[in-house]
Every structure is written in structure tokens, then in C-alpha cells.
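Every read-out reported here was derived from the displayed coordinates using simple, explicitly stated rules and does not represent laboratory data. Note that this is a predicted model, so its numbers are computed, not measured. Here Cβ is always computed from backbone atoms with ideal geometry, including for glycine, and neighbour counts include all displayed protein chains.
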Amino acid sequence: MDDKFLKPYNPQETEERIYKLWKKSGFFNPDNLPKRHEEPFTVIMPPPNANGHLHAGHALFITIEDIITRFERMRGKKALWVPGADHAGFETQIVYERELEKQGRSRFGMDPKQLYDEIMVFTLENKKHMEAEVSAMGASCDWSREKFTLDENIVRETQKTFEQMYDDNLVYRGNRIINWCPKHQTSLSDVETEFVEKKDPFYYIKYGPFTIATARPETKFGDKYVVMHPDDKRYKDYKDGQKLEVNWINGKITATVIKDAAIDMSFGTGVMTITPWHDAIDFEVAERHNLEKDQIIDWRGKLLPIAGEFAGMKITEARPKIVEKLKENGLLVKIDDDYKHNVRVCYKCGTSIEPQIKAQWFVKMKPLAKLAIDAVESDKIKFIPENYKKIFLYWMEKTIDWNISRQIIWGIPIPAKLCEKCGHGFPDLKSKMNQCPKCGGSVTADIDTFDTWFSSGQWPYLALGYPNSDDFETYYPTDIMETGHDLIFRWVPRMVIFGLYRTKKIPFNTVYLHGLVNDAKGKKMSKSKENVINPLDLSKKYGTDALRIGLIVGNTPGTDLALSEDRIRGYKNFANKLWNIARFILSQEKPPNNKNKLDEELVNEFNTLAKDITRDMENCRFHIAAEKIYAYVWHRFADEIIEKSKPARPDDSGHSGGKQTVNRATLYYILENSLKLLHPFMPFVTEEIWSSFTKATNKQGNLLMIESWPFT
RNA sequence: GGGCGGUUAGCUCAGUUGGUUAGAGCGACUGUUUUACACACAGUAGGCCGGGGGUUCGAAUCCUCCACCGCUCACCA
């Protein structure tokens, strides 16, 4: 017996050594696997953001994907798991802005090149941490194929997709209303905003013969159109296009009556004035009737000269003063203090989104969504859990054009030129156009970058080196995309669309969505609540294997998990239990030879279980598989079978006990195959025991990692 | 307001297509230092499976209504 069994299992002393052993073997790279591994199996890792440390959600997805990969590898597949790192445009820039703040600096006014270079240094540093942490989780991914979203060829292909979509009339430049975050000074797509319920005063204001209602009086300076429903009998005397003299905030103006069916007659007074530059509905009304649009609020969220004496003020500062003036002028009818409404905010900082009109690049979604809908409806792409299919389709059906321009430096540049004269925009990947092809005017380079999801949406094929790569030919479409259910809108649909558009193939056969990892009480982890559990701390304290299986058992796909330290501690005990099982079996003087008899019933029982577990693994029911093998090893194998195998002791009355009822060969058989079944879940301790097992049975050589799965 | 999910032991959760006395981990309690393991073993307590109605020989599981919780989407100014 190995001396190592004299002490309890010690993960700290084992894990790094084992990981090096695996890495040195070369088997993370499917090219190096033995001949029996023929059929490719591919998982692309959702690239973690290279801007900080791993959190519990990362630990979960690494565990699940590693389980899948190790299982398929042992079953004889040519298993490839491609790791990656995401530059994470907007998110990383925000993280770095906080760093700057700490140093008393700000990105505004910084030389863009300088800022970009600094963020690159920061990102590459964090990328190293991230890689070390992924490794510490036991990830058997092929590091030789690791990709970064800013790798030269990935940037090039992302830009090519843009050009191709422009040529196919799927990308256009539009001067449209967009979501503007005044804090971060960039536009955002709809999925990058959230709604929060706010209670604000609701002001009823006199507008000529009408009373209008608004929560935002500060936007009303430029309101020169008053809109009502064409069927509203209360206002039947007013005709569409009719002009009225109106006494307004800063004096007399001429207002025009507009009739539009978008008005809800039952809300407020049934009349509203519109602010097309700063409101999506108003923008649409203005577009329909071809009305003028004036900007009231600047990009920093301050009032423009149109606001007269209030120009230059921030909205929050100006609002009470404006209300005061309305009151003085006798325009304020009443204030409703109990008005609740939903306000769109930036998903990162919670700042109220200020809609603005801006020229941006948009992806025309309808024809692309059609491709995705067809693929999912015909079940070419399968969802786990299944109900996400419906959610996916629901979102795809109603998707609107996607703004892909971001006013941030950290990202992939949009390779386009913009005409200074006519505003025409067009792709220019090689940057050789100096004149507008439409009007001959001079052009400047677009300084915006792509929405990060524009590039990460292309990840499955770009990570495989598309186009012109053997890997793409061999490993695409990938088998399974495993990611968090929170990315069902932000990421999954984009991957399906880009995959179908660019490669004409689905990017993956299955989407597996895991739930969020919450704290022990099921509450969302957040820094402000101080309930963040660092997975690496748990891994150090209880061992990575304990953390891994603790994240899996009882964790149904799509359902959030409450992670408690007690739970992980329990599985540390299990790792040690397994250790002691091995110690006991391997410590008996001689291993059985092949002629030793196996106990048929026990072997059958085990084989039935192994087949059952294999079925669970095939169907991604890892939570069930893990629990079954856990319960068997501890409560059946250790508590009953091994106990029965012990030579009975004489009882108190001097009679000898019953005879030994389990053959040692059976114990070896069950141990060997249990280690295999457990390996995907607990790779370190099983591999460590395996080396002793093979030594004891004179079958040294193979790593457990590439042993055959029982009953494939 | 729309959509989705949840409600099972003190806590956190399993329970594949309806099938015998409903399970696990943690926690609690009672014993046991027995020669693999006290990071252990033996055992105990604890649940009208959210509520009402229905389908069925049989329902935690299927249908329906209701309540509460969570998530998500949404242009009532």
C-alpha cells in the first residue's frame, strides 16, 4: 500500500500535482488521444471576462463542462473543449474606469490610445489570473487552442461579418432613437437596459386649451406638437394640423395638433405633447407625421440653450425649478404624488437611460431571426431544460433591430467610414476610401466599437478558427453550448443567428442552461450585500472535488442553486471516505488474481447502476448521476458490501462469526469502476487513487482520465 | 400588464415518461473511540408534497381554478 494512505486525503498537496500530470500527458488536446478516440465531440467554453477573478457562476459552468468533456473523452470520443477569454468591451471598460477613479483619474479627457493601451495591460494581467483559476477548478480544456476575443484573426473575421452583412443589406446606418447612458456616455442595446419601478410626482400642466400630464417637465421645452387620438370625442373640434397659440414655459409658442392612434384615450387626459428626441413613442409619432425633432438634453444629461434660463443645468437640479416657474405662470394644474412608473436604466450603473437620437449602425433582425426560429422550431437545436425553447422563440419573434455601435474605446473597431457631407456610412476594412461614394464628400473613420455581443455572438465558429481551419471542419457544429440562463437573450440568440448566417450551419446541437449560484439562503450574491462566496476559497478549504460535486448534486438545469459552505464540507467528507475505501481495499496483502471469483449478484447490481448512470450522463442529468454514484459508493459499497467482506470476529460467547461473504476480486472490480464513474465529478481524488490502484494491480500506465467508461 | 418558473422534513433541494410504506445533504436527538475512515459507524425523531376541484384502479407527478414567492419581458406620456 502507498504510504500516502496513512494520512487523510489532502487536496492541497494533490491537486496541483495531478493537474500538471494531466497537462503533461497532452490529452487535453484531442490530437494526442489514443487511436480509439475517433468521433469528435466539441464544447466551446463561454469565454470568461478577463477583468477580474472567477466567481461561483464560473465555478459551476467549468464543473459542468468539464464533466461533459471528461465523460465523453472516457467514452472514446475525440473530445475537445476550447477555452477562451473575453475582452468584454463595455464591462471591462467600466471595471477599469473604477480603477482610474481610485487613482483620481477619469477616462474623459484621456488620450484614447493611452486609455486603450492601459486597458490592454490590465486585461492581459487579469487573463492570466483567470486561466490559473480555471485550471485550479480541474478544467480539462485544450489550452493550446485557447482564443482571446481580440486575437487578430478574430477581430478580422468579426469585421468581415459586418462588411458581409452590409453587402447583404442586413446592416444599415440609421439616425434613430437609441438608449443613451449619460454616465457611461455610450448607447446601449435594449438587452443592456433594465426597468425599475420608480415613484415620481406626476405633473398636470396647462398647454393652451388642453391639460397634459408628465413625469418629466424638463423635457417639455421644445414641445410644439400636441397629440390626441383621432377617435377621442372630447377633442373632436380640433383638427389634425390645426395651429394654436400657446402660452408655454418660456413664453408664447405656436403648437400644432396631431391626431395619432398611438395615444391611449384612457390614460391621463388623453392628450400629450411630444418630445421626439427623448422618447421612443414620441419619436415614432414624429416619424409617422414627419415632424421636427429638437434636442433638449445634451449627452451629459444637461439642458441645452432651448431651455432658456435653465440651460446648462442637470435634470435633477432643473426639475424643481421648472415646476416652480410653471406654478408662477399659472400653468401647473395639479401634482399627483402617488404615480408609479417603470423607468429604463443602464443595466450596469442603474442610471436612468436618456433616449437620444443618434446615427448608429443597426442589424436588421427580422430576416435573421427567421433563420433562428426555423432552426429551433424544427428541433435542430435542443434546449435543456426544454421550457427555454419557448422563451427563446418568444424573444426571437418580437426582436427589434439591434444597435451595435458603442461609444467606448475598449472593443473591436467598427471598420467604417462616415461622410462628413451627407452622413452616409459604409464599411472600409482596409481603410483605403477617402471619398464618399454617394456624394464625393470627405470621409472620416467611425471611432465607435462593436457591441461585445456582436463578436461573442460569433464565438462558436471563430474560436475554431473559421474560416479555412481544420478544426472548424472537424469540430463544427459543436455538440453542446453550456451557459447561464441569464444569457438566453443576450448571447444564445446571437450565436444561433450568426452561426446560421455566416457558416450556414447551426453552431451547436444542444443548449444547456444552468441556473444562477446564490448564497446559502437563496439570495443573489452581491458585493453590497456582502454575501459573495468566493469559489476559490471553498476549493482551498475543502478541496476542488468537494466544491465540484457540491455544485452538481441536486442542481437541476435552469434552476438557481443555494450554495452553502456546509454543503461543500459534506462532500469533502465524501472525498475522504473514498480515500479510506481505497486505503482499506488496497491495503490487504495481495491483490486478487484474475481467477478469483466475482460475486455475480453484486457485480450485476453495480453494472445495472453504471448503465443507469450512463443514461443520466447522456441526457445531461448530472445532478441525478452524481447523487446516484455518491449514494452507492458510500451507503452501499462502503457501509454494506465492504463490511460484509471483512473476516467476521468471534462474538462475545466465543462462537466464531459468520464467514466472509464477499470476494476480494469483487471489491477490486467495484472500486475500479466506481473510480471511473466518479472521475468526471471528482477528477483529482479519483486520479490520485487510480495511480495506487494500478500500482497494486500491476496495470500501471494509463491515466484514469483516458480510461474507458464502463459500459459505453 | 404579458410570459416563464417555483411552493415537498427545521434549512437547501432531488423526485426521467403517474405505480407499492415520499428521498438526499446539512441540522437535531440517542448511542458507539469496533483492527479503512470520529472527515466515522449504528440508530431515532421530523412531511394531509401551498389550497380547492377534477381525470384515474392509482396523483407530489396529468387537467382546472385560487393564493403567495421568484425571475423575465414591456413605448401609458
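List of remarks:
- Think of chain A as a dipole: +1 on every Lys or Arg Cβ, -1 on every Asp or Glu Cβ, centred on the Cα centre; then among A:ALA88, A:VAL196, A:ALA372, A:ALA88 lies furthest on the positive end.
- Helical runs (DSSP H, four residues minimum) scored at -39500 (n - 2.57) apiece and divided by the length of chain A put the mean residue ellipticity at 222 nm at -11500 deg cm²/dmol.
- Restraint check, A:LYS348/A:LYS380; A:LYS23/A:LYS676; A:LYS259/A:LYS438; A:LYS127/A:LYS523, Cα-Cα greater than 31 Å: A:LYS348/A:LYS380; A:LYS259/A:LYS438
- For chain A, a crude dipole built from +1 on the beta carbon of Lys and Arg and -1 on the beta carbon of Asp and Glu, taken about the Cα centre, is about 120 debye to the nearest 20.
- FRET E, pair A:VAL603, A:LYS505, Förster distance 35 Å, beta-carbon r, rounded to 0.05: 0.20
- Using only Cα coordinates, the Kirkwood hydrodynamic radius of chain A works out to 29.5 Å.
- Entries in A:LYS183/A:LYS293; A:LYS572/A:LYS628; A:LYS78/A:LYS370; A:LYS102/A:LYS128; A:LYS198/A:LYS302 that, when Cα-Cα distance is taken, lie over 26 Å: A:LYS78/A:LYS370
- The value obtained for the range A:221-270, namely the Cα convex hull volume divided by the number of residues, is 85 Å³ per residue.
- Stokes-Einstein diffusion coefficient of the range A:189-308, Kirkwood radius over Cα pairs, 37 °C, 0.692 mPa s, in µm²/s: 215
- Built amide H within the under 5 Å cut-off of A:GLY208, gap 5+: A:ASN247
- Gap separating the Cα centres of the range A:456-490 and the range A:162-197, nearest whole Å: 24
- Net +/- balance of residues flanking A:SER539 in space, Cβ distance below 10 Å, scoring K and R +1, D and E -1: -1
- Reduced Cα scattering model of the range A:38-83, Debye log10 I(q)/I(0), q = 0.24, 0.31 Å⁻¹: -0.82, -1.11
- Helical segments meeting 15 Å axial Cα length and Kyte-Doolittle 0.5 threshold in chain A (DSSP H): A:365-377
- Binning the alpha carbon pair distances of the range A:72-188 at 5 angstrom intervals from zero yields the distribution 2, 8, 12, 15, 15, 16, 13, 10, 5, 3, 1, 0, expressed in whole percent.
- 3J(HN,Hα) from dihedral phi, the range A:413-421, Karplus parametrisation 6.51/-1.76/1.60, rounded to Hz, x for glycine, proline: x, 7, x, 9, 10, 10, 7, 6, 8
- Cα-centred dipole magnitude for the range A:87-230, charges only on beta-carbon of K, R (+1) and D, E (-1), debye, nearest 20: 880
- Charging the Cβ of each Asp and Glu at -1 and of each Lys and Arg at +1, and nothing else, the dipole of the range A:2-113 about its Cα centre rounds to 340 debye.
- Where chymotrypsin sites (Phe, Trp or Tyr not before Pro) fall in DSSP loop in the range A:234-277, at most 16 other Cβ within 10 Å: A:PHE267
- Here is the list for the range A:496-530: trypsin sites (Lys or Arg not before Pro) lying in DSSP coil, each with at most 16 other C-beta atoms within 10 angstrom of its C-beta, are A:LYS504, A:LYS505, A:LYS521, A:LYS523, A:LYS524, A:LYS527, A:LYS529.
- Between the residues A:PHE71, A:LEU326, A:VAL155, the greatest Cα displacement towards the positive end of the dipole of chain A, with unit charges on the Cβ of Lys, Arg, Asp and Glu, is found for A:VAL155.
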